[in-house]
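Student: Submitted below is the structure of interest, expressed as structure tokens.
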Amino acid sequence: AWGMTVEGNYRLNTPDAEGYRFGHRAGLASRIFYWKSLKHTTMLPGAGIFWEHASADRLLGASQDFTGGHTLWASAGVDWFMRRWAFSVLYQHPLAAHIGEGFVQPGPRASAGISFLF
């Protein structure tokens, strides 16, 4: 009933009308979870790590100071499936970070979601 996921993502940003481009972003996550089936529901509590990197923002091609960096997060959450519905809650806590040349310190973050499966 134990499982593991590994996923990666990359976002390529383009400049806006004024020539400002947010830095490209990459992320890599791994999560260990436990599959627990109950009567009409399935729960997947889990914990993992998430690393994300952002390159520096650019204005008219020039790199912008105090932008970009990387963060390593510890995460814990649960996914709950009930018939055609899925609910999720995730909490992430920063373990290490170097953002904005060290001037930005991330705090914890959380997310929740609802999905309808069809």
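Student: Quick one: Debye curve from the C-alpha atoms of the chain, no solvent, what's log10 I(q)/I(0) at q = 0.19 Å⁻¹?
Tutor: Results for the chain at q = 0.19 Å⁻¹ read -1.03.
Student: Probe radius 1.4 Å, ligands and nucleic acids left out: which of Ser30, Ser115 has the largest accessible area, and how do the rest follow? Let's see the in-between values first.
Tutor: Values: Ser30 35, Ser115 55 Å².
Reading off the accessible areas and sorting them downward yields Ser115, Ser30.
Student: Leaving out ligands and nucleic acids, note down the accessible area per residue over the chain with a 1.4 angstrom probe, in whole Å². Present the calculation step by step, with values, prior to reporting the outcome.
Tutor: Details: 8130 Å² over 118 residues.
Using a 1.4 Å probe on heavy atoms only, each residue of the chain averages 69 Å².
Student: Accessible area of Phe116, 1.4 Å probe, to the nearest 10 Å²?
Tutor: 100 Å²
Student: Sticking with this one: How large a share of the accessible area of the chain, in percent, is made up of carbon and sulfur atoms when the probe is 1.4 Å and the other protein chains stay in place?
Tutor: Numbers: 5280 of 8130 Å².
Carbon with sulfur: 65 percent of the solvent-accessible area.
Student: Ok, one more. To the nearest 0.05, how large is the calculated FRET efficiency for Ala74 and Thr41 if R₀ is 25 Å and r is the Cβ-Cβ distance? Can you show the working numbers first?
Tutor: On the way: r = 26 Å, r/R0 = 1.06.
Efficiency, rounded to the nearest 0.05: 0.40.
Student: Most mobile of Ser55, Ser88, Ser37 per a Gaussian network model of the chain (Cα springs, under 10 Å)?
Tutor: Of the options given, Ser37 has the highest mean-square fluctuation.
Student: Go through Glu18, Glu52, Glu101 and list them by solvent-accessible area, largest first, probe radius 1.4 Å. Walk me through the numbers before you get to the answer.
Tutor: On the way: Glu18 135, Glu52 55, Glu101 95 Å².
Sorted by accessible area, descending: Glu18, Glu101, Glu52.
Student: Going 7 Å from the Cα of Ala62 along its beta-carbon direction, which residues of region 15-38 have the amide nitrogen within less than 20 Å of the resulting point?
Tutor: Residues passing the 20 Å test: 15-24.
Student: Leaving ligands and nucleic acids out of the surface, order Tyr10, Tyr91, Tyr20 by accessible area at 1.4 Å, largest first. Please report the intermediate quantities before stating the final value.
Tutor: On the way: Tyr10 150, Tyr91 105, Tyr20 55 Å².
Largest to smallest exposure gives the sequence Tyr10, Tyr91, Tyr20.
The values are calculated or read from the model by the stated rules, or taken from the named source; none is laboratory data. Note that the coordinates shown come from a computational prediction; the quantities given were computed from them, not determined experimentally. We place every Cβ from the backbone using ideal geometry, glycine too, and count neighbours over all the protein chains shown. Areas reflect the complete protein model, heavy atoms only, side chains present, ligands, DNA and RNA absent. Shrake-Rupley method; radii C 1.70, N 1.55, O 1.52, S 1.80 Å.
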